[in-house]
Amino acid sequence: DLATDLGGVKLTSCVYNASGPRTGASAAMAKIASSAAGGVLAKSATVSPQKGNDLPRVWHEDDGAASMNSEGLPNSGIDYYTDAKTISDTLGENPLGKPYMVSISGKTLADNLEMLKKISSAI
């Protein structure tokens, strides 16, 4: 049994996705929601949408021993990730009550506090 409790939030499994490039849109997050993951963690959001760094963003050493990426935090902005439609499209029916979580990455403390207020209003 991998069920756990995270700050009072029940997770059916302690294993869930990391916030990253494959969690930027509800269609991608819906795949996680339908998996055995204990929750769904959205891409790190900023106050406003960001396009990220210019391409290329990823470098791989020829022998495959190392790689590095610098995406520049491309994301749709906090309003997208806290929008009721995004959450509904991500979780669908959600029979297991899987939690939807949002990672935030403000440039300032004020940014983070603003985004936390938006997250609080969305729940």
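The values are calculated or read from the model by the stated rules, or taken from the named source; none is laboratory data. In this text the structure is predicted, and so the values were computed from the model without any measurement. Please note: Cβ atoms are built from the backbone with ideal geometry, for glycine as well, and neighbour counts cover all protein chains shown. Side chains are part of the model used for accessible areas, which takes the heavy atoms of the whole protein and leaves out ligands, DNA and RNA. Shrake-Rupley method; radii C 1.70, N 1.55, O 1.52, S 1.80 Å.
Does Ser26 meet the test of being polar (S, T, N, Q) and open to solvent by less than 60 Å² (accessible area, probe 1.4 Å)? Break it down stepwise before answering.
On the way: polar (S, T, N, Q): yes; open to solvent by less than 60 Å² (accessible area, probe 1.4 Å): yes.
Yes: the conditions hold for Ser26.
A search for C-beta distances below 7 Å between a residue of the stretch 57-68 that is of a type in the set (Val, Ile, Thr) and any residue that is loosely packed, with under 10 Cβ neighbours inside 10 Å, counting only pairs 6+ apart in sequence or on different chains, returns Val58/Ser67. When we screen Ala3, Ala30, Ala66, Ala36 for residues that are of a type outside the set (Lys, Arg) and closer than 17 Å to Val102 by Cβ, the only hit is Ala30. Taken across the stretch 42-51, residues that are closer than 28 Å to Leu113 by Cα, open to solvent by 30 Å² or more (accessible area, probe 1.4 Å), touching a residue at least 40 places away in the same chain (Cβ under 8 Å) and touching an Asp or Glu at 6+ places or on another chain (Cβ under 7 Å) do occur, with at least one present. In this entry, Arg22 passes the filter for residues that are of a type in the set (Lys, Arg), on the phi < 0 side of the Ramachandran plot, at pLDDT below 90 and under 14 Å from the mean Cα position of the chain (by Cα). Within the stretch 1-18, the residues that satisfy the criterion of being closer than 25 Å to Glu71 by Cα and either in contact with a His (Cβ under 6 Å, 6 or more places away or on another chain) or surrounded by fewer than 19 Cβ atoms within 10 Å (Cβ to Cβ) (or both) are Val15, Ala18. Meeting the requirement of 3 or more residues that are surrounded by fewer than 16 Cβ atoms within 10 Å (Cβ to Cβ), the strands (runs of 3 or more DSSP E) wholly within the stretch 58-107 are 58-60, 67-69. How about the stretch 89-123: which of its residues are in contact with a Gly (Cβ under 8 Å, 6 or more places away or on another chain) and polar (S, T, N, Q)? Once the filter is applied, which keeps residues that are in contact with a Gly (Cβ under 8 Å, 6 or more places away or on another chain) and polar (S, T, N, Q), the stretch 89-123 yields only Asn112.
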